[in-house]
Structure formats: structure tokens, C-alpha cells
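Here's the structure, in C-alpha cells; my notes come after.
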Amino acid sequence: MDSYDVIIIGTGAGGGTLARHLAPSGKRILLLERGDWLPREPQNWSSLDVFVDNRYVSPDTWYDGDGKPFQPGVHYFVGGATKLYGAALYRLREQDFGELQHHDGVSPAWPISYDELEPYYTQAEQLYEVHGARGEDPTEPPASAPYPFPAVSHEPRIQQLSDDLAAAGYHPFHAPCGIRLNEASMPYSHCVRCPTCDGFPCLVHAKSDADVLGVRPALEHPNVKLLTNAMAVKLETNESGNEVTEVVVERNGETERFAGDIVVVSCGAANSAKLLLASANNSHPNGLANASDQVGRNYMFHDSVAVLALSHEPNTTIFQKTLGLNDFYFGSDGFEYPLGNIQMVGKSDAEMFRGERPRETKLAPEWTLARMALHSVDFWLSTEDLPRADNRVTIEADGNIKLSYSETNAEAKKQLYSKLKSMLGHLGMHSDHLFTRHAYMKNDIPVAGCAHQAGTCRFGDDPATSVLDRNCLAHQLDNLYVVDTSIFPSIGAVNPALTAMANALRVGDHVLERIGARTLTATT
């Protein structure tokens, strides 16, 4: 049985980032990825293949709380969910790390403060080549350095939208974006500023994902090894149950076992919980690290809706995801509770409509959908989802995930939508022509769209109410860590990827110190 200093299970925002951070240490590191490399092919940039045929959605079957099967919108590739994410790399607001009262209850505090994570946010922004502009967003938390790259410029229709919002008294800002774009010298730019970015794989590797900027740089070090199509199915422990001794993997139809001094789980909120629950033994009858009965509980995913507004004038924007608005993040006139974030999403096209609303558009002429897309301005609204013990991941008899979930903060979501609608008349759009776009409408339940999943293995100082300690080490096991979004006690209302990346760097420094490697001040 092969033995390693560190085994990392999963290669997404958490695992891929951690691998790059640990790689220069010289320690033997094994990366296990259940998927394969995402193929580079023309279909990467095809709306028909991506949104209608779901070419890159992995063929899992999960069950809802009533036991009804559905296909979740998950992507198992090297780089994890970041291969198809929109690369919106926001920091949580400083207040998100404390206790916040919402309409439907309390968003709990984190065991660490924003100040403790801030240096790692800065490091993650540098590592993932984030573009942005400090000082535009009134809710922006303090930062110790400017963005490493200038903000991505608005195209004319979005610049007009920004100007109109500012004239109406709002505070639009350039959205923090992880794309490898060099607008000052486009011949040398990785990114070509195409319309097929948000929700698509990047054919030219110009998206700042955990494959391109995490795993590949890690593999340049001879001490790092990656196994693809290697699904971890169980973690074995010693007899006393205080240490993981083996990672059991199914690969190419065979069962393999690997030993690691330190084992890091980073499979995504649902699958990390599944792995811990599936690893139950005599010492841990309810699953590993589950003495608190918190593994799988407190599942969150943003209470979000994609909204299509019709502009009076054609919207010829190509790369639309450049603007954000947080004026209502912590509340508004007439509603004292937090509402959330408004940002742009990728530009609509006719094939996306067919993929998202197959029944409604089945008989629609192509020219009608194309004309609608030409005039569309596309927004994404995110409201914080609150942790609930009964919103949870469990395992069905066939070994698949059961995801029980009830919506929280629906009133805040409704209020945020109303705020957007009330602004449209001032923004050159039809206030009565507002349509909900839901990328997962074709699925039976909303939680099938799980790109922003979080919770299930929350970290905290009290072993009775959390799974991990403040270093993301399991309370009951001496060598088991978790570094994905499952550790979140709360999710805030901005995209979670950058926080997962920053926390992986923070935990990485702890691991480096523990294994006797030099603590790095910057990732190589």
C-alpha cells in the first residue's frame, strides 16, 4: 500500500488550492479526483451542448426529502465545480463573520474573524489573478492590498447601466472577476473576452479555475501525484478511532487503498458529508467526526434567481458579468433585514432559453428567442440561505445522497426581486417585462442546482455543535481535515469560491507547520 505525507480528496476550490500551497514543501502529496480532466473540445463553448444536452453534468442520482430521484447539477472534473463556475470571486463582508439577524432567523458567527482570514483573501486574489477595483462597493471589507489586476471594463450597455444606477443614487461597482484577461495588450491575453464563460468550461484555459491555477502548478513539483477517476468511498481508522489510517478508493473497477499521515477531504458540501457518513465504524457508529450529529446538517445553497430583463435598446454586450450592486446587502428602506447581492450573469442566447425552459420554448420560433436574447440584460440575485439542522445530507440504502431541504429567507428574496423590478424603469428597461431565468428549472426541485452548496461539516470551537475545530481539523480525529465550503457556518450572500480558496491557504499554513515544512508566506 502506497503511503503519503498528505492525501487530498478532491481538486476544486479547496483541494486544488491546498495542493498548490503544499506542493513546494517537498512532502509526498497524493491528489484523488473522482472525475477526469475536462476534455478540451469545441463543445466547451456550445450553448446547445452545455445548457441543452448537459454535456458536462455528471450522471449522479440523488434523492430529495420525499425520496424522489433527481439529477444534481454537479461537475466531477479536475478543478471541481470551478471548471464551469462564473469566476465571480467575492470576499464575504466583514459582518458576515459575526452573528447577523435575518428575517427568518440568525446567521451564526464564524469561529474566526474577518481579520484572521484577510491576509489569505489577499493571497487567494493574487493566486487566482482577480480583477477588481477597491473603494466602489460601500459594503466592501478592508483589504491589505489592491486587486492584483485592474477591473474588467464594462461594455457600452453595461456602462450605461452603471451610469444610470449611479445617477439614481445607487452604488454599482466592477465585479471581482477571475479571468486571465490583459485588456492593455490583448495579443498577449489568455482570455479573449468571449460570451461563453459563465457556466461554460474555458476552451483556452483563460478562466482562473482550480485546475489551471491550482492543480497544474502543483503537478510541476515531482513530489505531487494526481490520480483521476479515483473515487474515495471510505476512510478507515485505527482501532481507537482517533486517526484515519487508509483511504479506500474505487478506480478503474478496482479497489485500492492509500495511507496518509494527514488526510484532507474536499469533495464539496454534499459529497464530503457523504464520505464521512459512509465511513462509519465501531468507533464512529454515526460516521466519522460525527459525535455532535452535525455531519450532513445545515446544508445551505444561495437562495438565488437569475432574472432576465428586456432592454428598450439592443444589448450587444459579449462579456456581461462585470457589474455588481450591494446597496441592499444588509437591508433597505422599509425592510430592516439583509436582502443580498445583485450581479450580472453571462449573456443569454436562444439555446440557453431552450435548455432552461424546454417546455415553454418548445414551439417558439428561433427568431423570437434570438430577438429576446438580443434585448436581454441578465441579472443574478443571491439572498443568504440560513443553516437549518433539518436541511441535511443523508445516505440512502443504495448509497446515493438524499438531500432534505426547505427554503429559508424567502421573504428577503422576494424583497430583493422587488427592488430590482422597481429600478428597471430608471434603467432603460421594461419594468413589466421581467422574467425569471432558472438554470435548473428543468429539474424537479430547486436544490438540483447546487453550485453554491455549503455547510454540512461546519467548523467551530464547541465540539458539541460543530464537526471541525478552527483549523478545520476534525474534533474526534487527529489527522482528518476538511477544506471545502462544507466548513461554512453561514454562507453570506456572495459567491463562496474565494472564501474556500482563502481558507484552504489558511489551513495549508497550519498543515505545513504541523508536518515540519517551512511555512510559506506566498504560494509558489
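A few remarks follow.
- Flag for residue 121 being touching a residue at least 60 places away in the same chain (Cβ under 8 Å), under 26 Å from residue 507 (Cβ atoms) and either part of a helix (DSSP H, G or I) or touching a Ser or Thr at 6+ places or on another chain (Cβ under 9 Å) (or both): yes
- Screening the range 460-478 for residues that are more than 21 Å from the chain's Cα centre (by Cα), hydrophobic (A, V, I, L, M, F, W, C) and assigned to a loop (DSSP other than H, G, I, E, B) and picking the one that is surrounded by the fewest Cβ atoms within 10 Å (Cβ to Cβ) gives 464.
- Complete set of residues in the range 479-494 that are surrounded by 24 or more Cβ atoms within 10 Å (Cβ to Cβ) and either out of contact with any helix residue (DSSP H, G or I) (no Cβ under 7 Å at 6 or more places or on another chain) or not in a strand (DSSP E or B) (or both): 480, 483, 484, 485, 486, 487, 488, 490, 491, 492, 493, 494
- Qualifying positions in the range 37-82 - among the small types (Gly, Ala, Ser), at pLDDT below 95 and not in a loop (DSSP other than H, G, I, E, B): 47
- All positions within the range 328-341 that are in a loop (DSSP other than H, G, I, E, B) and in contact with a helix residue (DSSP H, G or I) (Cβ under 8 Å, 6 or more places away or on another chain): 328, 330, 337, 338, 339, 340
- In the range 1-45, the qualifying residues are those that are touching a residue at least 24 places away in the same chain (Cβ under 8 Å) and among the polar types (S, T, N, Q), and the one that is nearest to residue 228 (Cα to Cα) is 11.
- Considering residues of the range 83-117 that are hydroxyl-bearing (Ser, Thr, Tyr) and part of a loop (DSSP other than H, G, I, E, B) only, the residue farthest from residue 202 (Cα to Cα): 113
- Of all residue pairs spaced 6 or more apart or on separate chains, those with beta-carbon atoms under 6 Å, a first member in the range 310-328 that is under 20 Å from residue 381 (Cα atoms) and in contact (Cβ under 8 Å) with a residue 12 or more places away in the chain and a second member that is among the polar types (S, T, N, Q) and part of a loop (DSSP other than H, G, I, E, B) are 326/139.
- Residue in the range 12-28 that is surrounded by 24 or more Cβ atoms within 10 Å (Cβ to Cβ), at pLDDT 95 or above and more than 22 Å from residue 259 (Cα to Cα) present: yes
The values are calculated or read from the model by the stated rules, or taken from the named source; none is laboratory data. Since we're looking at a predicted model, the values are computed, not measured. Every residue, glycine among them, receives a Cβ derived from its backbone with ideal geometry; neighbour counts consider all protein chains shown.
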